[in-house]
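The values are calculated or read from the model by the stated rules, or taken from the named source; none is laboratory data. Here the structure is a predicted model, which is why all the values come from computation and not from measurement. Neighbour counts are summed over all protein chains in view; Cβ atoms, including those assigned to glycine, are modelled from backbone coordinates with ideal geometry. With ligands, DNA and RNA removed, areas are computed over all heavy atoms of the protein, side chains included. Shrake-Rupley method; radii C 1.70, N 1.55, O 1.52, S 1.80 Å.
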Amino acid sequence: FVAELIRECPRLSVLVTSREPLGFEGEAPLFLKGFDLPDDSSLQNGSSPALQLFVHEARQRDASFGIERSQFAVFKQICELVDGSPLALRLTAQWSLLLSLEEILERLEASVGFLSPTDARNQRETLHGVFAGSWRMLSVEQQGALARLSVFVKSFDTAAAAQAADVPVRTLFELERKGLIVRSSLGRFAMH
């Protein structure tokens, strides 16, 4: 339907959110990533989107919640661990009523499964639900490739993917296009 609209109305612009590019002629995909890590000045002026989101979500449970200067380094570690993911930050903030930032970080380091929400209304509000939806959209070959790529603790290049995980470059491209792996500026890939 969207492709037909664009064909029939050449001056029409359409903004679409999707897990992957749709493949229309003239499509200009914009891949979103997590929030940037907050810097020290963002604590003073509150300019970090990650900090703003976390505090907003935490205040839904405790109106007096705030992050003190002494806690900022731990908050930065949390942001780094969840790769700035807005969903993960929201889910992390839900625990601020019961746990200190240090305790939250400790649990995150042990397992991201800790982020299962206490009050999810649907599966798209959970990391597991988002991943499961993406997993179902993969071919069997892509699922196998993603599973084999999980052997890499940090980043990897195309040669390592081919040699250690038997994943061809084309499959890397497909997984990146679907947002399941990310490419760094140095031509290396990493799992989310």
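Of the helices (runs of 4 or more DSSP H) that lie entirely inside the stretch 3-96, not one contains 2 or more residues that are within 20 Å of SER134 (Cβ to Cβ), among the polar types (S, T, N, Q) and in contact with a helix residue (DSSP H, G or I) (Cβ under 9 Å, 6 or more places away or on another chain). Scanning the stretch 74-108 for residues that are within 14 Å of GLY34 (Cβ to Cβ) and charged (D, E, K, R) yields LYS76, GLU80, ASP83, ARG90.
Among the residues of the stretch 137-151, the ones that are open to solvent by 40 Å² or more (accessible area, probe 1.4 Å) and either touching a residue at least 12 places away in the same chain (Cβ under 8 Å) or among the aromatic types (Phe, Trp, Tyr) (or both) come to 5 in all. Set side by side, the residues GLN94, GLN60, GLN77, GLN71 differ, and just one is more than 20 Å from HIS192 (Cβ to Cβ) and open to solvent by 70 Å² or more (accessible area, probe 1.4 Å), which is GLN60.
Within the stretch 1-34, the set of residues being under 30 Å from PHE65 (Cα atoms) and open to solvent by 70 Å² or more (accessible area, probe 1.4 Å) comprises LEU32, LYS33.
Pairs are defined by a Cβ separation below 9 Å, a sequence spacing of at least 6 or placement on different chains, a first member in the stretch 15-41 that is closer than 30 Å to ALA73 by Cβ, and a second member that is of a type in the set (Phe, Trp, Tyr); the pairs so defined are PRO38/PHE72; PRO38/PHE75; ASP40/PHE72.
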